[in-house]
């Protein structure tokens, strides 16, 4: 059965108005205010097929860094699609072989460890902020930052909505 899968798109740089307009002609997209993260729905049988199809449709239009499934699977995992250079693939293959792992398993472990380290660092930073500032001060700072950066919507000349 074919379903729709929510896919998050991380870009290497903010998308220009023209890039977003061209991409929206291919697929319906929502973007954040920094225009470096997008969200799309892709129809496919599996999340992996959804990621591959979206990469195929948008790779020539947007500066895509990483595609991820927006919702975790039943095991709590998020699927990623990363376009690696031949040199990076070779390095991963060699390092995985040296540690007696398949490249897929090696990469999964490296990414999982990096995410765990990042989460621990973010938790530590939050604890430091809360130790130095009251929750009210943090909220005021967040609201102030949001008000300084008004939303900027791209202006498409004539972008028909995807069917």
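Readers should treat all values here as calculations from the given coordinates under stated rules, not as data from a laboratory. The shown structure was predicted, so the numbers you read here are calculated from the model rather than taken from an experiment. Here the Cβ is made from the backbone with ideal geometry for all residues, glycine too, and neighbour counts use every protein chain on show.
Name the most mobile residue of 129, 58, 39, meaning the one with the largest mean-square fluctuation, in a Gaussian network model of the chain with Cα contacts below 10 Å. Greatest mean-square fluctuation among the candidates belongs to 129.
Taking the number of Cβ atoms within 10 Å of each Cβ as an exposure proxy, the fewest-first ranking of 82, 115, 7 is 115, 82, 7.
Taking label points 7 Å from Cα along the Cα-to-Cβ direction, residue 104 and residue 137 give a separation of 5.0 nm.
Mean residue ellipticity at 222 nm, helices only, the chain: -16000 deg cm²/dmol; runs of at least 4 DSSP H residues each add -39,500 (n - 2.57), and the sum is divided by the number of residues.
Between residue 70 and residue 90, the modelled labels are 3.9 nm apart [label points 7 Å from Cα along Cα→Cβ]. For the chain, calculate the relative contact order in percent as a whole number, restricting contacts to Cα pairs under 8 Å that are 6 or more residues apart. Reported as a whole number, the value is 27 percent. A straight line joining the Cα centroids of the stretch 61-119 and the stretch 132-147 runs 35 Å. Result for the chain in a Gaussian network model with C-alpha springs under 10 Å: among 33, 16, 134, the largest mean-square fluctuation is at 134. Build a GNM of the chain with springs between Cα atoms under 10 Å apart, and of 47, 135, 103 the one that fluctuates most is 135.
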